[in-house]
Amino acid sequence: MGLSFDLGTPINTALFVYILYSVQRIIFPSVSQPKTIPNEFKAGYSWMPKVHPPTVLFKIYTPKTLEPFSGKDGGRILLAINGTVFDVTAGRNFYGPNGMYGNFAGRDASRGMAKQSFDLEMLTPIDEPLDTLEDLKPDEIDNMKGWIEHFSNKYIICGRLVNNDAV
Ligand SMILES: *[C@@H]1O[C@H](CO)[C@@H](O)[C@H](O)[C@H]1NC(C)=O
């Protein structure tokens, strides 16, 4: 009765190997990693990212189609600078209806950004041709460039602004 666990017998050997294997699985759990990240649907995904990245559609906007994105309805907030449309929804405190730059929501903000003025007269009426910005002075163009850089780092570029009659 002394030594009942005897590696000499086949059953105990199998049991011992199984125990070793189980312990090994506990200490080194196998984490299944995809060899390649699937990019199309075949028979079904065996792996999915934890969070799907937000999808932003790049679109062409005109002053009239941009205007509804003012955030007044609680929805997305877009604004344009020098023809590039940014989604600034994440900055609702600044660009939303009660924000300091709220006038720019849904609009071409180029002139205001260039002149560091957030007044309504900086805005071109939405049924008029786009502001050509031709009269801007070099330092005003620099201001605008600074804002474009800031926006490019912080927000998502989601389209281009063109004239109402261009689409
Ligand atoms: C504004 O847009 C025009 C035309 O796309 C471009 O030539 C110019 O460099 C831009 N200005 C700035 C400050 O980005």
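Close amide H partners of Y61, meaning residues 5 or more places away or on another chain with modelled amide H under 5 Å apart, are R160, L161, V162. What are the lysines whose alpha-carbon lies under 22 Å from the alpha-carbon of K72, with same-chain residues fewer than 8 places away excluded? Once the sequence-local lysines are set aside, what remains near K72 is K59, K64, K154. Under a 5 Å amide H cut-off, with hydrogens placed 1.01 Å from N, I156 pairs with D87 among residues at least 5 apart or on other chains. The phi-based Karplus calculation (6.51 cos²θ - 1.76 cosθ + 1.60; θ = phi - 60°) puts the 3J(HN,Hα) values of region 154-167 at 9, 10, 9, 6, 10, x, 10, 9, 10, 5, 3, 8, 8, 10 Hz, whole numbers, x for Gly and Pro. Cα-based radius of gyration for region 59-166, normalised by 2.2 N^0.38 Å, reads 0.96.
Residue-wise HN-Hα couplings along region 10-17, as the Karplus relation 6.51 cos²θ - 1.76 cosθ + 1.60 with θ = phi - 60° gives them from phi, are x, 5, 5, 4, 4, 4, 5, 4 Hz; Gly and Pro carry x.
Between M100 and I157, the contour length at 0.36 nm per residue exceeds the Cα-Cα span by 18.4 nm.
Values in this text are rule-based calculations from the coordinates and carry no lab data. Because the structure is predicted, anything quoted here is derived from the model rather than measured.
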